[in-house]
1. Please work out if ARG303 is surrounded by fewer than 20 Cβ atoms within 10 Å (Cβ to Cβ), more than 16 Å from the chain's Cα centre (by Cα) and modelled with pLDDT of 95 or more.
2. Report the residue count in segment 83-96 for those that are part of a helix (DSSP H, G or I) and touching a residue at least 40 places away in the same chain (Cβ under 8 Å).
3. Go through segment 116-144 residue by residue and tally those that are farther than 20 Å from GLN287 by Cα, surrounded by 17 or more Cβ atoms within 10 Å (Cβ to Cβ), of a type outside the set (Ser, Thr, Tyr) and over 18 Å from the mean Cα position of the chain (by Cα).
4. Return the residues of segment 55-78 that are surrounded by fewer than 23 Cβ atoms within 10 Å (Cβ to Cβ) and within 12 Å of the ligand (Cβ to nearest atom); say none if nothing qualifies.
5. Looking at segment 1-81, what helices (runs of 4 or more DSSP H) fall wholly within it and have at least 3 residues that are more than 21 Å from the chain's Cα centre (by Cα)?
6. Enumerate the pairs (first residue in segment 201-223 and under 13 Å from ILE257 (Cβ atoms); second residue anywhere and within 12 Å of the ligand (Cβ to nearest atom) and part of a strand (DSSP E or B)) with beta-carbon separation below 8 Å, excluding pairs fewer than 6 apart on the same chain, so at least 6 apart or on different chains.
7. Would you mention how many residues in segment 37-54 are within 14 Å of the ligand (Cβ to nearest atom) and within 18 Å of GLN2 (Cβ to Cβ)?
8. Does HIS169 count as within 13 Å of the ligand (Cβ to nearest atom) and within 19 Å of ILE100 (Cβ to Cβ)?
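The values are calculated or read from the model by the stated rules, or taken from the named source; none is laboratory data. It should be emphasised that the depicted structure is a prediction, and the values quoted were computed from it without experimental measurement. All Cβ positions, even for glycine, are placed from backbone atoms using ideal geometry, and neighbour counts span all protein chains on display.
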Amino acid sequence: MQYLLTGGYGCIGSWIVKNLIDDGHDVAIYDLVEHTARMALIMDEEQIARVRFIEGDIADGPRFIRVVGETGASRIIHLAGLQVPVCRTDPIKGATVNVIGTLNVFEAAKTHDDIVQRIVYASSAAVYGMEDDYDSGPVDNDAVLKPVTHYGVFKQCNEANARVYFLDHGISSIGLRPWTVYGPGRDFGLTSDPTKAVKAALLNRPYVIGYGGRNNMQYVNDTARTFIRCAEAETTGAGAYSIRGDVVTIDEVIASIERVVPGSEGLISHLDMNLPIAPDLDDRAIQEDVGEIPYTPLDDGIRETWDVFRRHQEAGTLSTDDLQG
Ligand SMILES: NC(=O)c1ccc[n+]([C@@H]2O[C@H](COP(=O)([O-])OP(=O)(O)OC[C@H]3O[C@@H](n4cnc5c(N)ncnc54)[C@H](O)[C@@H]3O)[C@@H](O)[C@H]2O)c1
């Protein structure tokens, strides 16, 4: 099966690629630059060499349409996007990449409707409002969306556009709404702090996680396999789904790191600010429509993360650039 991933060199993309290559699929990545450092954490050189890189900007619609035709990709996983801080400081650029870029993916599927069978795209839990915006208990998948960031509004817009492409052109898609994805390769963005804290603990360095409160922690390999499961699903329509890992406080994340990483007691602390997204999301809708979703308990995910970092530390290949500043 030919897969095309936009933004495939990011954290989630690297793990999707690893799983697809392990399963014998052909994978092409459409990204701004070839950047294999995250893949090198979890794949060997021979596996990385099997991935085809196609340089391009997702905001360049005509080029992406040509690329879809050239690759013959039946499944597109669309991950390319700018994160919260860039969308906040430069909303025009944010919308160009996150909204126009997503429209370009759907336009390519429309142009090549004889080739493309399914689009799975990264939405975000940031489409929801804050914890206080909802009744207590898990927030229903179809609860009112009240994003408080441009980033969340752009993701909401993408979900709505996906629905219109199904209504107007019959293009089936699934949008997934991750919360905090953690694990090897998560080295960028505010919610990369728990992963960086694991690395700091391994290196016996103090680290301050920049926020507190309750979080929804999703191990990256679970997230990656969920994207693939959705790409393989035979559902029609344009569903957008919450996904769920462990809903825990940052204090519980720190306690997990201390249980897993020997000698790390007292190294990790956190600030008190809460992230403005309801953490407790109900994932029954995706389970009902797509099936069981992979789940790794927090301690196991932290242990796997530590283990990957530890092996690279021993091999002298562990980058600590993400811990600077
Ligand atoms: N990581 C999380 O916790 C999380 C949570 C919610 C949603 N998401 C969404 O999931 C997706 C992937 O997340 P990630 O953590 O892997 O992101 P990432 O920042 O690690 O990777 C994003 C990738 O997109 C590429 N990219 C950026 N602009 C591009 C452009 N104009 N054209 C082509 N490629 C471009 C980057 O080069 C990078 O390889 C994003 O859309 C993100 O908004 C992630």
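1. Taking the combined requirement at face value, the residue satisfies it.
2. So the answer is 7.
3. Of the residues in that region, 3 qualify.
4. If the condition is that a residue be surrounded by fewer than 23 Cβ atoms within 10 Å (Cβ to Cβ) and within 12 Å of the ligand (Cβ to nearest atom), then GLU55, GLY56, ASP57, ALA59, ASP60, GLY61, ARG63, VAL67 are the ones that fit.
5. It comes to 45-49, 61-71.
6. From residues that are under 13 Å from ILE257 (Cβ atoms), the pairs are MET217/THR180; MET217/TYR182.
7. 3
8. no
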